[in-house]
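Below is one structure, written out as structure tokens; the observations come after it.
The values are calculated or read from the model by the stated rules, or taken from the named source; none is laboratory data. None of these values were measured; they are calculated from a predicted model. Virtual Cβ from ideal backbone geometry, glycine too; neighbours counted across all protein chains shown.
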Amino acid sequence: MIRLVTRRRLRELTDRAHQARIRAREVQGQADEAYAAHLRALAVLTERAESAESDAAILREEVWELRAALARAGAELEVSRLEGQELVLLLHFGEPHSIHLTREDAYAYAATHGVPMDGWVARTEQPADRVPWVCIAFTHEPATVGFRSVLAPAVGAVGGAG
């Protein structure tokens, strides 16, 4: 089948093709602008994410440092709280059983093991491994980095030093 195309029809088709090309360029330009905007937004978001990750790493490090400092401060506070304070060591047949802040706490704890609260007497010369329950008071002495029995006398420095 043969179709005859007039000049007028050819001009219309040429104009339509030209308009379609112009429209295609406009649409391509809009698509390029949208793609470029998308890439810019992606770059900004990537930069923000990397910055946030870096900040998070720095903050994690600071948290660890603060936790360590808090632990050190807590230990120092505990030592200073115990400094000079009398504590009570509860012995069971001569073996260390538990440490308590007061003699009454030690008695109450021993009562949970069947020891009568009013059955305590003064310590005798009998060996500790032959006595079921014994309370020994002691104090913490940071200067000697240790503990000292309340009953034991403080020992002076050798040769009168100190």
When you scan segment 74-162 for strands (runs of 3 or more DSSP E) that lie fully inside it, which ones turn up with 3 or more residues that are at pLDDT 80 or above? 86-92, 95-100, 133-141
Against the conditions (1) touching a residue at least 40 places away in the same chain (Cβ under 8 Å); (2) part of a helix (DSSP H, G or I), where does A37 fall short? Just the number, please. (1)
